[in-house]
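What follows draws every value from the coordinates through simple rules; no lab data is involved. Predicted, not measured: the structure shown is a model, and the values here were computed from it. Methodologically, a virtual Cβ is constructed for each residue, glycine included, from the backbone with ideal geometry; neighbour enumeration extends over all protein chains shown.
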Amino acid sequence: MRVMGIDPGLTRTGYGVIETNGGIMRTLDVGTARAPQGQPPSVQLLNLCLTLERVMEKYEPE
């Protein structure tokens, strides 16, 4: 099973993706999505959304 956890924020959003198999957990990816400074909130949120979307497309969590 693959799971993605998200630590939400308006300018920085943390994420982590883990996989479990037979009681063993393995970290697949961790990172921070950062919003561009000085941009309108709508642009900042779009950037965060696109970054998280790429991670979800890559790892396909359940």
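Can you name every residue in the range 12-29 that is surrounded by 12 or more Cβ atoms within 10 Å (Cβ to Cβ) and not aromatic (F, W, Y)? Let's see the steps before the verdict.
Keep residues of the range 12-29 that are surrounded by 12 or more Cβ atoms within 10 Å (Cβ to Cβ), which gives 12-19, 28-29.
Listed by number, the residues that qualify are R12, T13, G14, G16, V17, I18, E19, L28, D29.
Scan the range 13-25 for residues that are free of Cβ contacts under 8 Å to residues at least 24 places away in the same chain, in a strand (DSSP E or B) and either over 14 Å from V3 (Cβ atoms) or not hydroxyl-bearing (S, T, Y) (or both) and jot them down. Walk me through it before giving the result.
Taking the range 13-25 as the starting set, the residues that turn out to be free of Cβ contacts under 8 Å to residues at least 24 places away in the same chain are 14, 16, 18-25.
Next, only the ones that are in a strand (DSSP E or B) stay: 14, 16, 18-21, 24-25.
Within the range 13-25, G14, G16, I18, E19, N21, I24, M25 qualify.
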Quiz item: Of the residues L48, L28, which is assigned to a helix (DSSP H, G or I) and touching a strand residue (DSSP E or B) at 6+ places or on another chain (Cβ under 7 Å)?
Solution: L48
Self-check item: Of the criteria (1) exposed (fewer than 14 other Cβ atoms within 10 Å of the Cβ); (2) in contact (Cβ under 8 Å) with a residue 24 or more places away in the chain; (3) in a strand (DSSP E or B), which one V3 fails
Solution: (1)
Quiz item: Can you name the residue in the range 31-45 that is in a helix (DSSP H, G or I) and polar (S, T, N, Q) and, of all such residues, is nearest to M1 (Cα to Cα)?
Solution: Q44
